[in-house]
Amino acid sequence: MSRTVNCIIPPHLLDKLLESDDSDVRQAALDTMLTTTRLRGERSVRAAIAGAAALGNSRRTIFDCQQGRFLPLAVLVRSEEGAASGDKSVNRAFDGLGVTSDFYQKVFQRNSLDGMGMRLDGYVHFDRSYNNAFWDGRQMVFGDGDGRTFTDFTGSLDVIAHELAHGVTEFTAGLAYHHQPGALNESMSDVFGSLVKQWSAGQTAETADWLIGAEVFTPGIEADALRSLKAPGTAYDNALFGKDPQPDHMSGYVNLPNTERGDNGGVHVNSGIPNKAFYLTAVRIGGFAWQAPGLIWYESLKASSIETQFQDFADTTYQQAETLFGADSAEQLAVLAAWQEVGIQISGVPVGLARARSRAADRNGGGGREDGLAALSQQIGALTTEVRQLADDVAALKATR
Ligand SMILES: [Zn+2]
């Protein structure tokens with residue numbers, strides 16, 4: 001069985017670089033593709049070390065590959081007890097892993113990626129001119145970029161959080177990495193990747209940039225980011241990379257083969273559709289997107305399974321919104337309207353009724369009894385989290401005495 005290697009840079013971007021006039025750019029892209037293919041071909045050793053990976057109390061360890069490709073030869077450079085390193089990549093990886101695991105703990109009371117305190121191992125300076133970063137089911141690995149097109153991948157918090165979210169998906173729904181389940185898998189990583197950044201910066205749905213990987217290009221490259229949840233298809237458009245191919249509606253769904261070159265059926269392409277649905281849900285509900293919208297998505301991810309399709313996931317978010325916030329709550333109506341806007345009709349809700357409801361939701365716009373109740377339940381939720389946090393802090397304080 002080949003190994004799952006979830007990369008941040010999709011194959012169509014590297015493909016495009018092979019057409020560059022610059023031979024260094026072509027060479028780095030080719031090397032990156034070959035190394036990734038080789039990694040996929042290696043047999044996973046995870047089963048043998050699964051025991052070691054668990055029960056780590058989400059402790060972080062950073063290793064320096066010193067531009068090598070064989071992870072067991074990497075040198076340990078920073079651990080939970082150790083001082084900061086003189087190497088910025090090491091510290092950024094360490095901090096990024098920390099912010100991400102804090103996010104899951106504080107927002108969803110989830111203990112690390114597996115919910116059981118899984119250790120977090122990061123590898124920096126992987127390979128030479130490696131234009132990618134990936135999660136291989138056990139550890140997070142960062143390339144330095146070739147310096148011509150891409151730069152050090154530790155520089156982007158949402159890229160780190162995107163990769164780690166693949167771990168959360170693997171331990172919950174286990175969404176298969178092809179076609180629609182694969183695009184949902186990618187979308188979950190973009191959604192939670194962006195939420196980690198928004199949470200750490202204290203941004204609301206309205207003030208966030210909703211970009212993934214705004215920092216991975218070298219300064220000379222004209223591109224906003226790798227992807228945009230707010231406006232899929234607009235993250236970049238230049239001679240080097242071509243145009244962002246993401247659709248933001250089912251009418252633009254792209255059928256690609258389930259091969260590495262075909263991006264496993266367009267997992268990084270069609271993810272634009274559920275990405276946009278999350279963004280629309282978040283701006284309709286308003287405020288901090290990791291609260292009600294994030295919770296609905298997180299609970300829906302936990303309620304999904306290996307072959308979940310877009311329609312199934314949309315229906316699940318609608319049900320979860322009802323369970324969490326009530327039937328016809330502002331949250332549920334926001335979910336309904338968002339999926340409708342990307343061309344997915346929630347099962348069992350007639351089109352006309354859905355339109356009327358979403359119009360009603362727009363008219364209410366924050367007023368109304370339902371909205372008041374939803375706001376109250378959200379406040380209670382936030383308060384509960386605070387109380388739980390306080391209890392944790394007290395327990396931690398007692399333990400140190
Ligand atoms: Zn990914």
> How far is it, in nm, from the label point at Leu30 to the one at Lys302 when both lie 7 Å from their Cα along the line to the Cβ?
Replying inline: 4.9
>> Past 28 Å, Cα to Cα: identify those pairs from Lys243/Lys302; Lys106/Lys302; Lys16/Lys276; Lys276/Lys302; Lys88/Lys197; Lys16/Lys302, in the order given.
In response: Lys243/Lys302; Lys16/Lys302
>> What is the percent carbon and sulfur in the accessible area of the range 156-233, measuring with a 1.4 Å probe over the protein chains and ignoring ligands?
In response: 51
> Can you give the three extents of the C-alpha atoms in the range 148-236 along their principal axes, from longest to shortest, in whole Å?
Replying inline: 39, 30, 24
> Residue separation times 0.36 nm, minus the C-alpha to C-alpha distance between Glu206 and Ala239: what's the value?
Replying inline: 8.8 nm
> Which distance in Å, rounded to a whole number, links the C-alpha centroids of the range 270-339 and the range 219-249?
Replying inline: 25
>> Cβ neighbours within 10 Å, averaged per peptide: list 8-20, 264-276, 301-313 in order, most packed at the top.
In response: 264-276, 8-20, 301-313
> Between Thr259 and Leu18, what FRET efficiency follows from the Cβ-Cβ distance if R0 is 22 Å, with the result rounded to 0.05?
Replying inline: 0.85
> Looking at the range 177-275, which GluC sites (Glu not before Pro) are in a loop (DSSP not H, G, I, E or B) and have at most 10 other Cβ atoms within 10 Å?
Replying inline: Glu206
> How would you classify the range 191-250 from its alpha-carbon gyration tensor, with a ≥ b ≥ c the square roots of the eigenvalues: rounded for a/c under 1.5, else prolate if a/b is greater than b/c, otherwise oblate?
Replying inline: oblate
> If all Cα-Cα distances of the range 48-158 are sorted into 10 Å bins from 0 onward, what percent lands in each bin, rounded to whole numbers?
Replying inline: 15, 47, 32, 7, 0
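Translational diffusion coefficient of the range 99-208 at 37 °C, 0.692 mPa s, Stokes-Einstein with Kirkwood Rh over Cα pairs, in µm²/s as a whole number.
Details: Rh = 14.5 Å.
Translational D for this selection: 226 µm²/s.
The values are calculated or read from the model by the stated rules, or taken from the named source; none is laboratory data. Here the structure is a predicted model, which means the values were calculated and not measured. For neighbour counting, all protein chains shown are included, and Cβ atoms are generated from backbone atoms with ideal geometry for every residue, glycine included. Areas reflect the complete protein model, heavy atoms only, side chains present, ligands, DNA and RNA absent. Shrake-Rupley method; radii C 1.70, N 1.55, O 1.52, S 1.80 Å.
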